[in-house]
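Accompanying notes for the structure given below.
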Amino acid sequence: MTALPGRGHALHLLTQMVRIRRFEERCAELYSAGKIRGFLHLYIGEEAVATGALRALGPDDALLCTYREHGHALVRGVPMNKVMAEMFGKQEGCSRGRGGSMHLFDAEHRLYGGNAIVAGHLPLAVGMGLGDQMAGRQRVTACFFGEGAIAEGEFHESMNLAALWKLPVLFACENNGYAMGTALARSESQTALTVKAASYGMPAVSVDGMDVVAVETETRAIVDAIRAGGGPAFIEYKTYRFRAHSMFDAELYRDKAEVDEHRKRDPIPSFLRRMIAANTLTEEDLAHIEAKVAEELSEAVAFAEAGTWEPIEELTRDVYTEVGA
Amino acid sequence: MSEVTFREAVRMALRESMHADERVFLMGEDVGRYGGSYACSMGLLEEFGEARIRDTPLSESGFVGAGIGAALVGMKPIVEVMTVNFSLLALDQIINNAATLRHMSGGQVNVPVVIRMSTGAGKQLAAQHSHSWEAFYTHVPGLKVLSPATVVDARGMLLAALDDPDPVVIFEHSGLYNMKGEMPEPPPAVDLTHARVAREGTDVTLITHGGCLRRTTEAAAALAERGISAEVLDLRVLRPLDWNTVFESVAKTHRAVIVDEGWKSWGFSAEVSARIAEDAFWMLDAPVRRVAGVEVPIPYPTHLEQASIPQTAQVIAAALEVVGHG
Amino acid sequence: MGDFVMPSLGADMERGILNEWLVKPGDAVAKGDIIAVVETDKGAIEVEVWSAGVIEELCVDEGTDTPVGTVLARIRETENPASEPSAAATATPSPPPEPVATTPAPPAPAPSAPAEARGRVMASPWARHLAAERGVALTGVTGSGPLGAVLGRDVPAAAAKTAHPKPDKVDQLAAMRRAVAKAMARSKREIPHYYLGTDVDVTGALAWLARRNASVPPPERLLPAVIWLKAVAAAIRKVPQVNGFWQDDALRLSEPIHLGFAVSLRGGGLVAPALHDVDQRTPVELMRAMTDLVTRARRGRLRGAEMTDATLTVTSMGERGVERVDGVIYPPQVAIVGLGKVVERPWVVDGEVAVRKVMHVSLAGDHRAHDGHTGGLFLNALADALSAPEAL
């Protein structure tokens, strides 16, 4: 049984989860209104993972994510204004509007995307860990990916390299049960992911991804071990997305009942209930947080609306470091 | 001035760069204990140690991606992919990551990785070890693609690539490693912006690079004996390509023959030809001709292998044709 | 209206003989076209025009000796350059390319309809560009390309060719002889020559060359002349006073080393075109440049710059079986190096007599520009360079 957080800590966790939830709900709305285009992959239901796990990382640690990364960017400290502007494709966005929903970058916060090739960023994480190791830096590279990535060769190549060279890399698997519409059992011969990971000779643990406290506690323990020189580790967060894979998804692959069942374990109300029961938080705290988040969000939308389109004359910038191709 | 092989020139650059900058390291299959499949890194493991001459498992995507990742955190990795054929296993990393990260991040990160690979046919290695995929990589914005044809470029371009802030792919033609050439003392720095006029001429421009330069130069010498003055362009940098030099030469000779080992259809030579047609059309006195790979996976027997890649005689014939001589 | 004047093709050129017109009144010319051949002290040089338009008048007859700057022709700028491709060109199909290769040649262009059947003149993009620029109608231009297509070269040349047949060979030779006569007479009249000479043991150099040639494919093999030229360039680097021009009563040294290389022409005559930047080029490059230069010299395709750029001339009489040559300096150069035949001679090596391959090397110097001391230093440097060929 993990120790419950104190009031300040709990307020932080709740605030972050609410920020993600409300931000994404608004994104869905803005998508329907045509303000956000392209793919939009929502994290709703999985907020406890990014919220808890990222608290275990220091500001110098690097973070690589998938295309379902709005929550990670917000928790990591990328201002909501810049994230929303990026969703709109405005040049005030955190990637100058060039990336959009799937490619949120912020070098200052060491957020290396927003990577939209499943498992494609795992080798990058290995290399970043290698660079840190060779330079003698005590940093950890945390690489988040979905359970779908485990079927990719790059997962196995990366796990092997990181273990072989004892690199400071956290392989953080967000297992929400479905790779788009394919359930884990329909794509993996071995559904116990920690068993696969352990075969590379690295620590592998599984944690309830709907429990923000457990996520934080387990992640902290494993990150501390990596930082202490223990080499890479694997952690599985068992979670569930409440919404479709992306906006354009009829969800033919799962029952409404299944979704409803998981909704009962919604990480936000369940955390709030525990905190109220422990006399750490109150309903008023939530109301207060909701009000603040609503304010932040409306400012972010206004910021994005007021943002500007990059001139077409600049189309080919940032292809090479020097201008021109 | 001393005479060195292409392989030694590559090794010179590896040693010089690793002595000059501790962020430089070499990574790839069998680069260490084995000494490199083409022996470019022979002896370097003893000199620089296992951390910097890093043998990798057979995981092209994994270690090429790791090179990109290391570059993201300030290292200067040189990743050796044994042959361009194996690099197809790492295309995802090179194209989806190395070439895009700067742009996707709005210019916040850059990827100073250098990826070396051998390319080309001529050693009877058959259809999975002999191809020329320059066209794949030159197709991709965000990559710089080099094709050294001389010992000076083999050394100089690798050093220049390490100084470049963007991902650079270097094609080393496997037929060149034993080639000897003069290395001036001190060895000169080279640029990554210009094509080189390897031979001046006035009647026809022969445009080539890398492994085809020798045969093209031979062709030019043979043409000279027939009274035809062929200009030979060694493109050197395939992307971004120095189109000005190409157009200037065509404006002088009014005729162009492109020599490239890759397949003709949709290939590197196709792009060069198209650009000349687009931007130097009014300079032309004859249709552009290409001497390129025949549309077949490279076969094993030497006579068929040679028949599938450009030969000196074909270059001569193409040049004579565009010049209008019999 | 623009004037085409007798150009100054070299710093010391004062006069020239308008040897041949390649255009006639009414012809269209473009910037860069070769429109005349001018006889100079250094041989016949093709001269290009620097303005575009139509030749209005030729002011000077062929054979006239005129000072630099004299108006030779008047050119009227074309008002409205437009071509009217209408009727057919005279199609004179060129013979198909003969096979040159053991490998099959690329297929010849598929036979297409005759030029006239298409209802438009067959012409290359470059020919159309030139014709449009000069206001020349392509109709009636005889094409030299496949199926009689008009090529770029046909546009300026067509009219000129019909009006001005080339002077016969005797004339050309006589002109060249006159030019050589003039230059040599001026040299002997104005330049106080001094002469030095020494025998050099080139056994090592030739042995090195033989070894090197045995180890490289034929296209990379070198003739001894390449080594001699590289050695001269190396010696110039040590004693630069011999490399340059005597102009306005002063020695003007040249930083580039362009070696004039005497080429005797089949059927008589002599030219000494320049091999550029001999010190900068590898022996293999030099070999190719030399072959190219000789070929073009004998085909009469030298460029103006090659005729005027030499900074020092090397004359080699070895092939003619001559053991020693003392040259006559080409003004305004200030020295000429003479190379004799390589002969086997008894030679003292380490106190013993041995048979060695020896070549006589001479220097004729312009005493206004330098003196025998300098010349001696140069010959010593040359002998040193020849004894260490691998450094070249």
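Kindly establish whether A:Ala48 is free of Cβ contacts under 8 Å to residues at least 60 places away in the same chain, in a helix (DSSP H, G or I) and either buried (at least 24 other Cβ atoms within 10 Å of the Cβ) or basic (Lys, Arg) (or both). No: the conditions fail for A:Ala48.
Confirm whether A:Arg139 is within 10 Å of chain B (Cβ to nearest Cβ) and among the charged types (D, E, K, R). When the stated conditions are applied, A:Arg139 passes them. Inclusion of A:Gly71 among residues that are in a helix (DSSP H, G or I), surrounded by 24 or more Cβ atoms within 10 Å (Cβ to Cβ) and within 12 Å of chain B (Cβ to nearest Cβ) is not warranted. Against the test of being within 14 Å of chain A (Cβ to nearest Cβ) and crowded, with 16+ Cβ neighbours inside 10 Å, the options B:Gly28, B:Gly36 yield a single qualifying residue, B:Gly28. Quick check on A:Leu272: is it surrounded by fewer than 18 Cβ atoms within 10 Å (Cβ to Cβ) and among the aliphatic types (A, V, I, L, M)? In short, no.
Taking the residues in the stretch C:228-243 that are surrounded by fewer than 23 Cβ atoms within 10 Å (Cβ to Cβ) and touching a residue at least 60 places away in the same chain (Cβ under 8 Å) as candidates, determine which candidate is nearest to C:Ser387 (Cα to Cα). Among those residues, the one meeting the criterion is C:Ala234.
Results for (1) surrounded by fewer than 16 Cβ atoms within 10 Å (Cβ to Cβ); (2) modelled with pLDDT under 85, shown as yes or no for each residue.
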| position | (1), (2) |
| --- | --- |
| C:Lys169 | yes, yes |
| C:Ala175 | no, yes |
| C:Arg189 | yes, no |
| C:Thr198 | yes, no |
| C:Val202 | no, no |
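Has the stretch C:186-205 got any residue that is free of Cβ contacts under 8 Å to residues at least 24 places away in the same chain, over 23 Å from C:Thr40 (Cβ atoms) and in contact with a helix residue (DSSP H, G or I) (Cβ under 8 Å, 6 or more places away or on another chain)? Scanning the stretch C:186-205 turns up no residue that is free of Cβ contacts under 8 Å to residues at least 24 places away in the same chain, over 23 Å from C:Thr40 (Cβ atoms) and in contact with a helix residue (DSSP H, G or I) (Cβ under 8 Å, 6 or more places away or on another chain). Scanning the stretch A:138-176 for residues that are aliphatic (A, V, I, L, M) and within 20 Å of A:Ser187 (Cβ to Cβ) yields A:Ala149, A:Ile150, A:Ala151, A:Met159, A:Ala172.
When residues in the stretch B:139-152 are screened for being buried (at least 24 other Cβ atoms within 10 Å of the Cβ) and assigned to a helix (DSSP H, G or I), 1 of them pass. The set of residues in the stretch A:105-118 being at the interface with another protein chain (Cβ under 9 Å from one of its Cβ atoms) and either on the phi > 0 side of the Ramachandran plot or touching a helix residue (DSSP H, G or I) at 6+ places or on another chain (Cβ under 9 Å) (or both) consists of A:Phe105, A:Asp106, A:Tyr112, A:Gly113, A:Gly114, A:Asn115, A:Ala116, A:Ile117. Within the option set B:Leu125, B:Leu101, B:Leu176, B:Leu158, being within 13 Å of another protein chain (Cβ to nearest Cβ), on the phi < 0 side of the Ramachandran plot and either surrounded by fewer than 20 Cβ atoms within 10 Å (Cβ to Cβ) or among the hydrophobic types (A, V, I, L, M, F, W, C) (or both) holds for one residue only, B:Leu101. Any residue at all in the stretch A:103-119 that is in contact with a Ser or Thr (Cβ under 6 Å, 6 or more places away or on another chain), surrounded by 22 or more Cβ atoms within 10 Å (Cβ to Cβ), of a type in the set (A, V, I, L, M, F, W, C) and in contact (Cβ under 8 Å) with a residue 24 or more places away in the chain? Checked the stretch A:103-119: no residue is in contact with a Ser or Thr (Cβ under 6 Å, 6 or more places away or on another chain), surrounded by 22 or more Cβ atoms within 10 Å (Cβ to Cβ), of a type in the set (A, V, I, L, M, F, W, C) and in contact (Cβ under 8 Å) with a residue 24 or more places away in the chain.
Checking C:Val325, C:Val349, C:Val342, C:Val353 one by one, the residue that is among the β-branched types (Val, Ile, Thr) and surrounded by 21 or more Cβ atoms within 10 Å (Cβ to Cβ) is C:Val325 and no other. For first residues located in the stretch A:155-171 and among the polar types (S, T, N, Q), partners that are surrounded by fewer than 24 Cβ atoms within 10 Å (Cβ to Cβ) and lie 6+ apart or on another chain with Cβ distances below 8 Å form the pairs A:Asn160/A:Tyr200; A:Asn160/B:Pro57; A:Asn160/B:Ser59. If you scan the stretch B:249-290, which residues turn out to be β-branched (Val, Ile, Thr) and either in the same structural domain as B:Ala121 (by TED's automatic domain parsing) or part of a helix (DSSP H, G or I) (or both)? If the condition is that a residue be β-branched (Val, Ile, Thr) and either in the same structural domain as B:Ala121 (by TED's automatic domain parsing) or part of a helix (DSSP H, G or I) (or both), then B:Val250, B:Thr253, B:Val272, B:Ile276 are the ones that fit. Just so you know, in the stretch B:43-65 the residues that are assigned to a helix (DSSP H, G or I), more than 23 Å from the chain's Cα centre (by Cα) and touching a residue at least 24 places away in the same chain (Cβ under 8 Å) include one that is nearest to the other protein chains (Cβ to nearest Cβ), and it is B:Phe48. If the condition is being more than 30 Å from C:Met13 (Cα to Cα) and without any contact (Cβ under 8 Å) to a residue 60 or more places away in the chain, then the stretch C:324-348 contributes C:Gly340, C:Lys341, C:Val343, C:Glu344, C:Pro346, C:Val348. Sort out which residues of the stretch A:74-92 are assigned to a helix (DSSP H, G or I) and farther than 26 Å from A:Glu314 by Cβ, and write them in order of number. Within the stretch A:74-92, A:Leu74, A:Val75, A:Arg76 qualify. Of all the residues in the stretch A:266-325, those that are away from every other protein chain (no Cβ under 14 Å), part of a loop (DSSP other than H, G, I, E, B) and touching a helix residue (DSSP H, G or I) at 6+ places or on another chain (Cβ under 6 Å) number 2. The residues of the stretch C:370-389 that are within 14 Å of chain B (Cβ to nearest Cβ) and under 29 Å from the mean Cα position of the chain (by Cα), listed by number, are C:Ala385, C:Pro389. Looking only at the stretch A:32-44, decide whether some residue is within 22 Å of A:Ala294 (Cβ to Cβ), surrounded by 17 or more Cβ atoms within 10 Å (Cβ to Cβ), touching a Gly at 6+ places or on another chain (Cβ under 7 Å) and in contact (Cβ under 8 Å) with a residue 60 or more places away in the chain. Yes: one or more hits.
The criterion of at least 3 residues that are modelled with pLDDT of 85 or more and under 25 Å from C:Trp208 (Cβ atoms) is met by the following strands (runs of 3 or more DSSP E) wholly inside the stretch C:250-349: C:312-316, C:335-349.
Residue count for the stretch B:72-92 under the criterion of being buried (at least 22 other Cβ atoms within 10 Å of the Cβ), more than 7 Å from every other protein chain (Cβ to nearest Cβ) and not in a strand (DSSP E or B): the result is 3.
Annotation: A:Ser95 fulfils all but one of (1) touching a Leu at 6+ places or on another chain (Cβ under 7 Å); (2) surrounded by 24 or more Cβ atoms within 10 Å (Cβ to Cβ); (3) more than 7 Å from chain B (Cβ to nearest Cβ); (4) not in a helix (DSSP H, G or I); the unmet one is (3). Can you tell me which residue in the stretch A:165-189 is farthest from the other protein chains (Cβ to nearest Cβ), limited to those that are part of a helix (DSSP H, G or I) and surrounded by fewer than 17 Cβ atoms within 10 Å (Cβ to Cβ)? Applying the filter and picking the extreme gives A:Ala185.
The values are calculated or read from the model by the stated rules, or taken from the named source; none is laboratory data. Model, not experiment: these values are computed from the prediction. As a convention, Cβ positions derive from the backbone with ideal geometry for all residues, glycine included, and neighbour counts pool all protein chains shown.
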